[in-house]
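Heads up, the thing below is written out as structure tokens.
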Amino acid sequence: MTFPLLTFLGLVPLVGAGVLCLPVKQIARGVGMVFALVTAVVGIAVAVVYAGGGAADLAEKAAWIPQFGAWWAIGVDGMALVMVLLTVLLVPVVLLAEWKVPGRGRWTPQVFFALVLALESLSLFVFMAQDVLLFYLFFEATLIPMYFLIGGFGGARRSYAAVKFLLFSLGGGLIMLASVIGLYAVSVQLTGAPTYLLSELSQLQLDPMLGRWLMAGFLVAFIVKAPMVPVHTWLPTAAEESTPGTSVLLVGILDKIGTFGMIKFCLWLFPEASTWVAPAMVVLALVSILYGAIAAIGSTNLLRLVAYTSISHFGFMVLGIYTFTTAGISGSIFYMVNHGFSTAALFGVIGFLISRRGSALVADYGGVAKVAPVLSGVFLMAGLSGLALPGMSSFVSEFMVLAGTWSRQPGVAAVATLGTVLAAVYILRMYQRTMTGPVTDEVARTFTSDATAREKWVAAPLLAVILLLGFAPNLALGVIEPVAQSTMSHIGVADPVAPLGEEAK
């Protein structure tokens, strides 16, 4: 029997969370960081094994609840692998960024680090699950540590934000549960024995109407998680009231489960239903792109502004999925990764600004570039990544989504391009209002130092990855594109024929 590397990967941060439940207050931060770094090393080892052609060797499968047809089945394909790497790389950065997270009563830094590690473990199992019931349980379990991270360490309205997040997420999850139960009944009816294995469920020939109803349960949960208009309102509130590190975990990792699930579950389990619902999803994607961008332009709170930009970016991801092209799906998966790093950089540097000024309001800043040029430079680089500047990784993924959409629906691509234009408006406007101009009295008084060594260590790896994947995107696309190709083959949709004259070139 081969070593269960994937199970080990998921358990390392969970063990770390358990250790932090012990009386180790004086060394809690160090313990948490050690477990996060070990998890990152194991995650990189998984990538090395996968790159060596060992995807099949990584797969694990053991009987779990035979009566339900449920298995402990975990594995990785290219999409799961990049999401695993995103998770294991972001968590140490978040812990370093929140090294001085303030405690409040029983909500100590030790509890914060434990909750982050627990969330990391559950998120890793979500991305690696190859059994629908297993996925659902971890999907719902991620809500627990995130609820306490928001409610325990957030701002003045943290309780309201945490409850709102939980109610929206639980509502979507309960709808998905109905479809999970329905899959059990369908598998018994069609095969004579229950199964929750993705590999077996994806081969079932479902009645079209039944497939659409079952797909709807999953899709609603993923639309809430993504989040998309009109069920997006929980995200700006949660981001505004959370610590910046918590917002990174929420938007950079947890929300990606929505778009990840659309590909892995909706498209693979319900291909006919997915093509049927595609026109509506394209409309929702366009609405999210434009609404999120316009709301970001009008935002007066930096944290809330970045949350609205994420709603717009998730619209691009969903657009790439439901226009059904290899380039679009590849770009969407790559977008998940790039958005995770660029959003982490933005939330991170905003957190550093808040720690000095004590406010997230745009109006409370001005002239920061003159007193903290390094922080201002990081802010600009992170913002340029958010608007998909050529040379940064986000440009590649956004271009692929738009190019794939154009090949299928040029009019839709033209409308979506407005989101790119508006992104330049909200990013440059945010930078101009906070970093340029005369130095305000309060900024001069509170910004007594530029970026510290710790803050530079937080920003440097994020910006390095953004630039690396911008100039060498094939490092990720090499493992992502086979997933997009197999997904297109499974749903039975071919890429659009090349225009006349292109084939002859």
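The values are calculated or read from the model by the stated rules, or taken from the named source; none is laboratory data. Because the structure is predicted, anything quoted here is derived from the model rather than measured. Neighbour counts run over all protein chains shown; Cβ positions are idealised from the backbone, glycine included. The accessibility values were calculated without ligands, DNA or RNA, using every heavy atom of the protein model including side chains. Shrake-Rupley method; radii C 1.70, N 1.55, O 1.52, S 1.80 Å.
Under the convention that each Lys and Arg Cβ holds +1 and each Asp and Glu Cβ holds -1, the size of the dipole of the stretch 346-505 around its Cα centre is about 480 debye.
Remark: the stretch 72-86, residue by residue, has Karplus-estimated 3J(HN,Hα) of 7, 10, 10, x, 9, 10, x, 5, 5, 4, 5, 6, 4, 5, 4 Hz, where x stands for each Gly or Pro and the curve is 6.51 cos²θ - 1.76 cosθ + 1.60 at θ = phi - 60°. On full extension, the segment bounded by S159 and V283 gains 41.3 nm, given 0.36 nm per residue less the C-alpha separation.
Over all other residues within a Cβ to Cβ distance under 12 Å of T436, the charged ones net out to +3, with Lys and Arg as +1 and Asp and Glu as -1.
Across the chain, the longest piece that holds none of the GluC sites (Glu not before Pro) lying in DSSP loops with up to 14 other C-beta atoms within 10 Å covers 1-501.
Calculate, for the stretch 14-56, the solvent-accessible area per residue in square angstrom, rolling a 1.4 angstrom probe over the heavy atoms of the protein chains. Ligands and nucleic acids excluded, the result is 54 Å² per residue.
What the stretch 361-459 shows is 44 Å² of accessible area per residue, with the surface traced by a 1.4 Å probe over protein heavy atoms.
In this structure, the amide hydrogen of S359, modeled 1.01 Å from its nitrogen in the peptide plane, lies closer than 5 angstrom to no residue at least 5 positions away or on a different chain.
Less than 5 angstrom separates the built amide H of T440 from those of G366, all sequence-distant by 5 or more or on a different chain.
Counting only lysines at least 8 places from K456 when in the same chain, those with an alpha carbon closer than 24 Å to its own are K100, K370. Our note on the geometry: Cα centres of the stretch 1-38 and the stretch 97-153, 13 Å apart. Overall shape: oblate for the stretch 223-295, with the ratio a/c of the largest to smallest alpha carbon gyration tensor axis at 1.5 or above and b/c at least equal to a/b.
Magnitude of the charge dipole for the stretch 411-470, about its Cα centre and with charges confined to Cβ atoms of Lys, Arg (+1) and Asp, Glu (-1), is about 100 debye. With the alpha-carbon atoms of the stretch 378-505 aligned to their principal axes, the span from lowest to highest coordinate is 63, 30, 29 Å, starting with the largest.
Reported to the nearest whole Å, the Cα centre-to-centre distance from the stretch 406-423 to the stretch 188-217 is 35. If you line up the long axis of helix 474-491 against the longest principal axis of the chain, both from Cα atoms, how many degrees apart are they, to the nearest 10? Between helix and principal axis, roughly 40 degrees. Here, the chain yields an orientationally averaged convex hull projection of 23.8 nm² when only Cα atoms define the hull.
Label reach from L190 (point 7 Å along Cα→C-beta): in the stretch 214-232, amide nitrogens under 16 Å belong to 214-218. Can you tell me the relative contact order of the chain? Whole percent, Cα pairs under 8 Å, sequence separation 6 or more. Relative contact order of the chain: 14 percent. Rounded to the nearest angstrom and listed largest first, the equivalent-ellipsoid semi-axes of the stretch 298-454 from its Cα gyration tensor are 33, 14, 11. Considered as an equivalent ellipsoid built on the Cα gyration tensor, the stretch 95-218 has semi-axes of 37, 16, 9 Å, the largest given first. To the nearest ten degrees, helix 5-19 and the longest principal axis of the Cα atoms of the chain are 40 degrees apart.
Computed from Cα positions, the angle between helix 109-128 and the longest principal axis of the chain comes to roughly 30 degrees.
Each peptide among 349-358, 432-441 gets the average number of other Cβ atoms lying within 10 Å of its residues, and from highest to lowest they stand as 349-358, 432-441.
Run the numbers on the stretch 13-114 and let me know its relative contact order in percent, using alpha-carbon pairs under 8 Å that are six or more apart. Answer for the stretch 13-114 is 37 percent. Shown here are the Rg and Dmax of the Cα trace of the stretch 154-291, at 16.7, 54 Å. Calculated FRET efficiency, W99 to V15, Cβ-Cβ distance, R0 = 22 Å: about 0.55 to the nearest 0.05.
Return the carbon/sulfur percentage of the accessible area of the chain, one whole number, probe 1.4 Å, all protein chains in place. After summing per-atom areas, the C and S share lands at 70 percent.
Note that the stretch 240-253 has calculated 3J(HN,Hα) couplings of 5, 9, 8, 5, x, x, 4, 5, 4, 5, 5, 7, x, 10 Hz, one per residue in order, obtained from phi through the Karplus relation 6.51 cos²θ - 1.76 cosθ + 1.60 (θ = phi - 60°); glycine and proline are x.
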